[in-house]
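Just below is one structure, and these are the notes that go with it.
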Amino acid sequence: MNDTTSLLLQPAAQVGPPLWLLAELTYRCPLHCVFCYNPVDFAHHPDELSTEDWLRVLREARAAGSVQCGFSGGEPLLRDDLEILVAEAHRLGFYTNLLTSGVGLTEDRAAALKAAGLDHIQLSFQDSTRELNDFLSHTRTFELKQKVAAIIKANGWPMVMNCVVHRLNIDYIDRIIDMAVALDAEYLELANSQYYSWALLNRDQLLPSREQIERAERITNERRAQYGERIRIFFVVPDYYENRPKKCMNGWGNVFLTVTPDGTALPCHTAGMLPGLSFPNVRDMDVKAIWYDSEGFNRYRGDAWMKDSCRSCPDKEKDLGGCRCQAFMLTGDPAAADPVCDKSPHRHVVTAAVDRAQGQLPAVHEAPLVFRSPEESRRRRAITASVR
Amino acid sequence: MTATVTEPVVAPRLSKKFRLQWEDAQHAWVLLYPEGMVKLNQSAGEILSRCNGERTLTELVADLEQTFDTTGLQADVVAFLRMARQQLWIEY
């Protein structure tokens, strides 16, 4: 390694530990959500880490200072070693979170997870057009959620309900909130869809209008006042409607470590899309070395990588230039300012999408919704060229 | 409810919604909850780790003053417990 390279690889001053470990156990999933953030080419990565690999990752991450552990996917309940992994995470002192659609969470499975020491379950609405209809008519989805929520409460777990909000369901936000309260959730995350992966493919159908968002926020505030301490409601506005970008992942390589099903370690779950950057695999490298020493985790740490316009910006500490993936998807350059920023020369790309969202939905025959599925995934690979 | 947590005979305890744990990697007590963490400064950690539902406020203050060989901590402890109650970290 020559001197220039080692300078480039110098980590930002005082890099803290990877406090949050997201273990994406599998890309397999019984659902077909149109906003899924799993990579569009997930079907090309069917390889999954073994139980032993995951146990080693948990031990290494805990030794490196990780304390929150999320088991996610895909649908993590499709791994039949989930209980083994939760038990080890618990033994190591992690706070363990299961992020699930609830499909497959039987009473037996819940009891086994409880015995393993699982601390918390985040239950998501599985939402596609058909299931949305089910939900709105309070039939199938409601029954499943009711059953699963009852199991969660019976085991004494705190429950976070997560609902990805978008153009097709945002007008029913009052019903979503009331349902979360009826199911006794402690927290409700109304997370507007972020436009990555499958959601980016469907952006024109999913991005709500400004009027829809304002109405939903107003209703959310009314419900907050009505329900008080019974439930904490988080409402995340889509960043396309902001003038400054989000501080993505609270800073690159600052808090979050994602391990994908095949063992690739990423600073966020979508960073694998970035070109010209290699990310290490937990099969080849210890978690501590991955976090502190790998090129992938050091590339966008701090502000040394920034272009002049970002580096000289008075707000750079607030947002660290926004999201690298969004910059790459919308401008082709992962080191550009996130074009959500109104100082970005590419802001017009975001503005154009927002302008389209104020009009009518595109007719279905012009732009059908793309449902996440292995078949669809195999048909597509890189999506960036088509949306720029 | 918020005010009464600071009565001398009340014995505050950590809410079941949170887990308090010492983290070597951070050299700090942390409060863990679903998908989140609060890193406590030293005095907050020393106070919260003594909120076991048995020690009254008076005993808690005495314990701290003895441990750190000082006096006059009552006002700081009361202020912290008020805030902790607002955050729903403690019950009583």
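Across segment A:359-378, what is the number of residues that are exposed (fewer than 12 other Cβ atoms within 10 Å of the Cβ) and modelled with pLDDT of 65 or more?
4
Find all pairs meeting these conditions: Cβ atoms under 9 angstrom apart; at least six residues apart or on different chains; first residue within segment A:106-135 and away from chain B (no Cβ under 14 Å); second residue modelled with pLDDT under 65 and surrounded by fewer than 15 Cβ atoms within 10 Å (Cβ to Cβ).
From residues that are away from chain B (no Cβ under 14 Å), the pairs are A:N133/A:T139.
Among residues belonging to segment A:212-245 that are charged (D, E, K, R) and in contact (Cβ under 8 Å) with a residue 60 or more places away in the chain, point out the one that is least open to solvent (accessible area, probe 1.4 Å).
Top of the filtered list is A:D239.
Kindly provide the set of residues from segment A:34-83 that are within 24 Å of A:R378 (Cα to Cα), acidic (D, E) and open to solvent by 10 Å² or more (accessible area, probe 1.4 Å), ordered by number.
Within segment A:34-83, A:D41, A:D47, A:E48 meet the criteria.
Evaluate segment A:276-289: report whether one residue or more is farther than 24 Å from A:R79 by Cα, open to solvent by less than 60 Å² (accessible area, probe 1.4 Å) and out of contact with any Lys or Arg (no Cβ under 9 Å at 6 or more places or on another chain).
Yes; the residues of segment A:276-289 include at least one that is farther than 24 Å from A:R79 by Cα, open to solvent by less than 60 Å² (accessible area, probe 1.4 Å) and out of contact with any Lys or Arg (no Cβ under 9 Å at 6 or more places or on another chain).
From the list B:R50, B:R13, which one is open to solvent by 50 Å² or more (accessible area, probe 1.4 Å) and under 11 Å from the mean Cα position of the chain (by Cα)?
When all the criteria are applied, what remains is B:R13.
Being of a type in the set (A, V, I, L, M), touching a strand residue (DSSP E or B) at 6+ places or on another chain (Cβ under 8 Å) and either outside any helix (DSSP H, G or I) or within 14 Å of chain B (Cβ to nearest Cβ) (or both) is the filter here, so list the residues in segment A:68-104 that pass it.
A:A89, A:L98, A:L99
Keeping to segment A:133-163, report how many residues are among the β-branched types (V, I, T), open to solvent by less than 30 Å² (accessible area, probe 1.4 Å), outside any helix (DSSP H, G or I) and at pLDDT below 90.
0
Under 8 Å between Cβ atoms, which residue pairs at least 6 apart in sequence (or on different chains) link something in segment A:45-67 that is within 11 Å of another protein chain (Cβ to nearest Cβ) with a partner that is open to solvent by less than 40 Å² (accessible area, probe 1.4 Å) and acidic (D, E)?
These pairs meet every condition: A:G65/B:E23; A:V67/B:E23.
Identify the residue in segment A:295-314 that is under 23 Å from the mean Cα position of the chain (by Cα) and outside any helix (DSSP H, G or I) and, among all such residues, is nearest to A:P345 (Cα to Cα).
The qualifying residue nearest to A:P345 (Cα to Cα) is A:Y300.
Condition test on B:L57, is it of a type outside the set (K, R) and more than 30 Å from A:W20 (Cα to Cα)?
yes
Tell me which residues, restricted to segment A:140-179, are farther than 22 Å from A:T96 by Cβ and either of a type in the set (D, E) or within 14 Å of chain B (Cβ to nearest Cβ) (or both).
Matches in segment A:140-179: A:E143, A:D171, A:D174, A:D178.
Just the residues that are within 9 Å of chain A (Cβ to nearest Cβ), closer than 27 Å to A:R232 by Cα and open to solvent by less than 50 Å² (accessible area, probe 1.4 Å), please, taken from segment B:24-34.
Matches in segment B:24-34: B:V30, B:L32, B:P34.
Does at least one position in segment B:55-73 carry a residue that is out of contact with any Gly (no Cβ under 6 Å at 6 or more places or on another chain), more than 12 Å from chain A (Cβ to nearest Cβ), within 30 Å of A:K288 (Cβ to Cβ) and not in a helix (DSSP H, G or I)?
No - not one qualifying residue is present in segment B:55-73.
Cβ-Cβ below 6 Å, separation at least six or inter-chain, first residue in segment B:73-92 and charged (D, E, K, R), second not in a helix (DSSP H, G or I): which pairs?
Listed pairs, sorted by first residue: B:R85/B:T2; B:E91/B:R13; B:E91/B:S15.
Those residues that are part of a helix (DSSP H, G or I) and either in contact with an Asp or Glu (Cβ under 6 Å, 6 or more places away or on another chain) or surrounded by fewer than 16 Cβ atoms within 10 Å (Cβ to Cβ) (or both), I need them from segment A:317-348; list them, please. Spell out how you get there, then give the answer.
Going through segment A:317-348, the residues part of a helix (DSSP H, G or I) turn out to be A:317-319, A:324-331, A:347-348.
Within segment A:317-348, A:E317, A:K318, A:Q326, A:A327, A:H348 meet the criteria.
Looking at (1) within 17 Å of A:K247 (Cβ to Cβ); (2) modelled with pLDDT under 90; (3) open to solvent by 80 Å² or more (accessible area, probe 1.4 Å), which is the one condition that is false for A:P314?
Only one criterion in (1) within 17 Å of A:K247 (Cβ to Cβ); (2) modelled with pLDDT under 90; (3) open to solvent by 80 Å² or more (accessible area, probe 1.4 Å) is unmet by A:P314, namely (2).
The values are calculated or read from the model by the stated rules, or taken from the named source; none is laboratory data. Values in this document were obtained by computation on a predicted structure and should not be read as measured data. Using ideal geometry, Cβ is built from the backbone for each residue, glycine included, and neighbour counts are taken over all protein chains shown. Quick note on the areas: whole protein, heavy atoms, side chains included, nothing else; ligands and nucleic acids left out. Shrake-Rupley method; radii C 1.70, N 1.55, O 1.52, S 1.80 Å.
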